[in-house]
Amino acid sequence: MAKITLKDLSHSYLEKQNNNADWALREVNIDWKDGGAYALLGPSGCGKTTLLNIVSGLLKPTKGKVLFDDKDITTLNPVERDIAQIFQFPVIYDTMTVYDNLAFPLKNRGLSDSEIASKVKEIAEMLELTSTLNNRASGLTADGKQKISLGRGLVRSDVNVIMFDEPLTVIDPHLKWILRSKLKELHQKINRTMIYVTHDQTEALTFADQVVVMHEGQIVQTGTPVELFEKPKHTFVGHFIGSPGMNILPCEIKNGEVIFSGQKISSHNTANKSNFNKTQLGIRPEFINFSNNGIPVKIKRVSNTGRHKIIDTESSGGNIKILSNSSTEIPSGSAHITFNQKYTYVYGDNWIIEQ
Ligand code: ADP
Ligand code: MG
């Protein structure tokens, strides 16, 4: 087990770098505590796999360091790092039985037959593979094969960290839900540091205590699921997390007051003066209410999801989405809305303005 520190890590796949776009990772700094459950969340191409491969040693970073328990291991090879990495697609031995696949990492480490048998039994039960233990792995579905990959990562007890790189991609949606809760359960049971990479906010938020959100090679925010929801530090976090995401609206700052759609808006934070190229107001659809006065909007569309109503509206400052209880009466035609001040934030060039 180990605490993992990434220090000023940058990586480029190019020999020469001219601008930000030439870097797959830029100035990444992370402290992952020993035994924590972490997720790395971001859209395809934002640098998640690059980061994992640097932690596991498959890739040497262009700049910066990787430390396990404060020891610099940047130049160690993957085997010397004692980590388990589970990839997006199954990596198994087709000709071996399911049992032998799971036993393989343990045999390699010289465990006794009885120790191996008891570990394999435990992991197989957890992943619902017990009835297939004597079958050849080649006969299994993609789901079944990926469960073996997961099992092979989870069966060792001597690893510093277990890393999952979008492991549920090939898994059927129903089983996805089961495996996701199992991984969480397993983390609580074995208390090993786990890093779970995904582009799916539900997977990240259900698995992890701390989520690292990545955007274009940079970390834009690290926080608990609640922190990411309630106070996005970057507009990307606002609209990437949540369904629908945060409304990001152009606003002006005049004498320290926030003006949107010609009206002064009460917000959680403000700016004394605007020294930004653009200033934006961020408000989640959940924190907007209909009222007698406020910002005038036109109701364009109401969709009822069963649990909620999503209302698309149009204001003079831009389109605004609102989320209401499914029982809320929605005015038709024109209406007025107000924003809950506590969750209304001002952003300068996409970053929250801290005071
Ligand atoms: P993610 O896992 O978040 O989808 P990656 O880490 O795979 O993102 O990719 C980050 C960026 O680096 C992307 O722009 C991708 O095209 C580029 N990249 C990834 N792997 C390589 C590679 N082997 N050679 C060149 N560019 C790569
Ligand atoms: Mg990837």
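The values are calculated or read from the model by the stated rules, or taken from the named source; none is laboratory data. Model, not experiment: these values are computed from the prediction. Virtual Cβ from ideal backbone geometry, glycine too; neighbours counted across all protein chains shown.
Within region 146-170, which residues are in a loop (DSSP other than H, G, I, E, B), within 16 Å of ligand 2 (Cβ to nearest atom) and at pLDDT 85 or above?
GLU166, PRO167, LEU168, THR169
Mind checking which residues of region 1-26 are under 16 Å from GLY42 (Cβ atoms), part of a strand (DSSP E or B) and among the aliphatic types (A, V, I, L, M)?
Answer for region 1-26, where residues must be under 16 Å from GLY42 (Cβ atoms), part of a strand (DSSP E or B) and among the aliphatic types (A, V, I, L, M): LEU6, LEU9, LEU25.
Here's a check for you: in region 241-275, which residue that is part of a strand (DSSP E or B) and charged (D, E, K, R) is nearest to PRO296 (Cα to Cα)?
Restricting to residues being part of a strand (DSSP E or B) and charged (D, E, K, R), the top hit is LYS264.
Looking for something within 16 Å of the chain's Cα centre (by Cα), surrounded by fewer than 20 Cβ atoms within 10 Å (Cβ to Cβ) and without any contact (Cβ under 8 Å) to a residue 40 or more places away in the chain - is there at least one such residue anywhere in region 256-268? Break it down into steps so the answer makes sense when it comes.
Restricting attention to region 256-268, the residues satisfying the condition of being within 16 Å of the chain's Cα centre (by Cα) are none.
No - not one qualifying residue is present in region 256-268.
Which residues, taken from region 186-200, are away from ligand 2 (no atom under 16 Å from the Cβ) and either farther than 15 Å from TRP32 by Cβ or crowded, with 18+ Cβ neighbours inside 10 Å (or both)?
LEU186, HIS187, GLN188, LYS189, ILE190, ARG192, THR193, MET194
List pairs: first in region 155-169 and farther than 17 Å from VAL55 by Cβ and among the β-branched types (Val, Ile, Thr), second in a loop (DSSP other than H, G, I, E, B) and within 16 Å of ligand 2 (Cβ to nearest atom), Cβ under 9 Å, 6+ apart or cross-chain?
That search, which allows pairs on different chains as well, returns THR169/GLN88; THR169/PHE89.
Scan GLU122, GLU80 and give me the residue that is in contact with a Gly (Cβ under 8 Å, 6 or more places away or on another chain), surrounded by fewer than 16 Cβ atoms within 10 Å (Cβ to Cβ) and of a type in the set (D, E, K, R).
GLU80
When you scan region 224-232, do you find a residue that is within 16 Å of ligand 1 (Cβ to nearest atom) and surrounded by 19 or more Cβ atoms within 10 Å (Cβ to Cβ), even just one?
Scanning region 224-232 turns up no residue that is within 16 Å of ligand 1 (Cβ to nearest atom) and surrounded by 19 or more Cβ atoms within 10 Å (Cβ to Cβ).
Going through GLY36, GLY45 one at a time, which residue ends up being out of contact with any helix residue (DSSP H, G or I) (no Cβ under 8 Å at 6 or more places or on another chain), small (Gly, Ala, Ser) and surrounded by fewer than 14 Cβ atoms within 10 Å (Cβ to Cβ)?
On the way: GLY36 fails: surrounded by fewer than 14 Cβ atoms within 10 Å (Cβ to Cβ).
Selected residue: GLY45, the only one of GLY36, GLY45 that is out of contact with any helix residue (DSSP H, G or I) (no Cβ under 8 Å at 6 or more places or on another chain), small (Gly, Ala, Ser) and surrounded by fewer than 14 Cβ atoms within 10 Å (Cβ to Cβ).
Residue-by-condition table, conditions (1) within 16 Å of ligand 1 (Cβ to nearest atom); (2) assigned by TED's automatic domain parsing to the domain that holds ASP312; (3) modelled with pLDDT of 95 or more:
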site: ASN191; (1), (2), (3): no, no, no
site: GLN201; (1), (2), (3): yes, no, no
site: PHE207; (1), (2), (3): no, no, no
site: MET214; (1), (2), (3): yes, no, yes
site: GLY238; (1), (2), (3): no, no, yes
site: ARG284; (1), (2), (3): no, yes, yes
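Tell me which residues, restricted to region 12-33, are free of Cβ contacts under 8 Å to residues at least 60 places away in the same chain, within 16 Å of ligand 2 (Cβ to nearest atom) and surrounded by 13 or more Cβ atoms within 10 Å (Cβ to Cβ).
The answer is none; no residue qualifies.
The conditions are (1) within 16 Å of ligand 1 (Cβ to nearest atom); (2) modelled with pLDDT under 95, and TYR196 fails exactly one of them. Which is it?
Going through (1) within 16 Å of ligand 1 (Cβ to nearest atom); (2) modelled with pLDDT under 95 one by one, TYR196 breaks only (2).
Filter the helices (runs of 4 or more DSSP H) completely within region 45-111 down to those with at least 3 residues that are within 16 Å of ligand 2 (Cβ to nearest atom).
So the answer is 48-56.
Among VAL297, VAL237, which is in contact with an Asp or Glu (Cβ under 9 Å, 6 or more places away or on another chain), of a type in the set (A, V, I, L, M), within 28 Å of GLU314 (Cβ to Cβ) and more than 16 Å from ligand 2 (Cβ to nearest atom)?
The unique qualifying residue is VAL297.
What do you reckon, is VAL220 within 27 Å of ARG81 (Cα to Cα) and within 16 Å of ligand 1 (Cβ to nearest atom)?
no
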